[in-house]
1. Would you confirm whether or not the stretch 187-195 contains a residue that is in a helix (DSSP H, G or I) and charged (D, E, K, R)?
2. Suppose the filter is buried (at least 21 other Cβ atoms within 10 Å of the Cβ) and polar (S, T, N, Q); does residue 88 pass it?
3. Please work out which residue is modelled with the highest pLDDT, limiting yourself to the stretch 97-145 and to residues that are surrounded by fewer than 13 Cβ atoms within 10 Å (Cβ to Cβ) and in contact with a strand residue (DSSP E or B) (Cβ under 8 Å, 6 or more places away or on another chain).
4. Take residue 176 and tell me if it is surrounded by fewer than 18 Cβ atoms within 10 Å (Cβ to Cβ), more than 13 Å from the chain's Cα centre (by Cα) and at positive phi.
5. Could you please let me know if residue 79 is surrounded by 15 or more Cβ atoms within 10 Å (Cβ to Cβ), in contact with a Phe, Trp or Tyr (Cβ under 9 Å, 6 or more places away or on another chain) and among the charged types (D, E, K, R)?
6. Going residue by residue through the stretch 146-155, is there one that turns out to be part of a loop (DSSP other than H, G, I, E, B) and either exposed (fewer than 14 other Cβ atoms within 10 Å of the Cβ) or at pLDDT 80 or above (or both)?
7. Scan the stretch 157-175 and give yes if some residue there is part of a helix (DSSP H, G or I) and modelled with pLDDT of 90 or more, otherwise no.
8. Given the options 74, 97, 64, name the one that is more than 24 Å from residue 200 (Cβ to Cβ), charged (D, E, K, R) and assigned to a strand (DSSP E or B).
Amino acid sequence: MNETRCFIFSAGLFLLCFVQSEIASGQTQTKSSKLVIHHPDQTGALMARWKWALAEAEKQKFDRGFWIGHSIEREMSEEHHMIMGEVSIHDEQIIIRGVLLNELLAAKEPDQLRPTRVVIETDKKKQTVKKQIAILFQFTNTPSPRLKRVGLSDINMPVSFHNKPLLWLGSAEVGNSLELIRNLYGDNKDFNFDCPLANLVELHGLLDK
């Protein structure tokens, strides 16, 4: 069974954020989003960019739903990976399939990108590096936008958005990103998110310790 997973991988330990099964008729859906919309000014306040994304989604009327994403920079061990592609595990290897997120964001015609795969070796030596981590919010859009899932991905890892559009806000300061996430989880406190707030707080401040 093929599954799309979002989890943090570290030295053999899997911290599951969510498992998303949207594979129909036995065929995997690893094609890139049909549309990536970039915020026209990615230097402004994150909350203002967020409000722009919701307004843009309402204007575009994405009936099948959509994603909103931004990234933060963190120093962390090289062995930590945030993964949102389709994952399979074989012996000592983690194999992730999907479209590379950094290529998706840079492409002039994202529809033309082809799925690829990345192999993670589990015996990599521990080393601290700077990483760009994408935080990705999936919304349903019927009858109105509702936050459904929160996912994490290394910016250079494959992702699977199942052909739903992505509104990309650019990079954000860690503090502003955490404030946004806490507000979202507070506003949706009755919803049982697959990715707990504690895991996201850890990403923003403790994972590199």
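1. For the stretch 187-195, residues in a helix (DSSP H, G or I) and charged (D, E, K, R): present.
2. no
3. This residue is 130.
4. So residue 176 does not fit the description; no.
5. Spelling it out, residue 79 is indeed surrounded by 15 or more Cβ atoms within 10 Å (Cβ to Cβ), in contact with a Phe, Trp or Tyr (Cβ under 9 Å, 6 or more places away or on another chain) and among the charged types (D, E, K, R).
6. Looking through the stretch 146-155, at least one residue is part of a loop (DSSP other than H, G, I, E, B) and either exposed (fewer than 14 other Cβ atoms within 10 Å of the Cβ) or at pLDDT 80 or above (or both).
7. Scanning the stretch 157-175, I find at least one residue that is part of a helix (DSSP H, G or I) and modelled with pLDDT of 90 or more, so the answer is yes.
8. Only one candidate qualifies: 97.
The values are calculated or read from the model by the stated rules, or taken from the named source; none is laboratory data. Everything quoted here is computed from the prediction, not taken from an experiment. Virtual Cβ from ideal backbone geometry, glycine too; neighbours counted across all protein chains shown.
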